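Below you'll find the structure, written out as structure tokens, and then a few comments.
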Amino acid sequence: MKTKWKEYANYLEKQIEFNSQEELAEYILAIAKQSDKVEHHCDMEVSKAFKLKLRLKTHDKQNAITKKDWDLAEWIDNLD
């Protein structure tokens, strides 16, 4: 499941494909719990039941990439 983050002008993006919807749901729940804890949330888009697209940017910093984004990206990487 290891995938790299792609860096765009104002956001980080990672796409992951799972083997089951249950695996996908557990992954999303883990991210949601950590996001609430650190008060920084990513945009999540599910498609075709098993694919997840994550986007990180700091909305209150004019949608720029900040240390908060890199920190959460690193935390998410450790889930893989």
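With the helix formula -39500 (n - 2.57) applied to DSSP H stretches of n ≥ 4, the chain reaches a computed 222 nm mean residue ellipticity of -12000 deg cm²/dmol. Of the GluC sites (Glu not before Pro) in the stretch 21-70, the ones in a loop by DSSP (not H, G, I, E or B) with at most 11 other beta carbons within 10 Å are Glu39. Neighbour counts of other Cβ atoms within 10 Å put Asp71, Asp36 in the fewest-to-most order Asp36, Asp71.
For the chain, the alpha-carbon radius of gyration amounts to 1.04 times the rule-of-thumb value 2.2 N^0.38 Å expected for a compact globular protein. What the phi angles of the stretch 30-41 give under the Karplus curve with 6.51, -1.76 and 1.60, with θ = phi - 60°, is a coupling list of 4, 5, 4, 5, 5, 4, 5, 4, 9, 6, 8, 10 Hz, glycine and proline written as x. Mind pulling the angle between the C-alpha long axis of helix 67-77 and the longest principal axis of the chain? Nearest 10 degrees, somewhere in 0 to 90. That works out to roughly 20 degrees. Ordering Trp5, Trp70 from the fewest to the most neighbouring beta carbons within 10 Å gives Trp70, Trp5. In order along the stretch 61-66, the Karplus-derived 3J(HN,Hα) couplings, from 6.51 cos²θ - 1.76 cosθ + 1.60 at θ = phi - 60°, round to 10, 6, 6, 8, 8, 10 Hz, and Gly and Pro are given as x.
No lab work stands behind these numbers, since they all come straight from the coordinates. This one's a predicted model, so the numbers in the text were calculated from it and none came from an experiment. Note: ideal-geometry Cβ built from the backbone for every residue, glycine included; neighbour counts use all protein chains shown.
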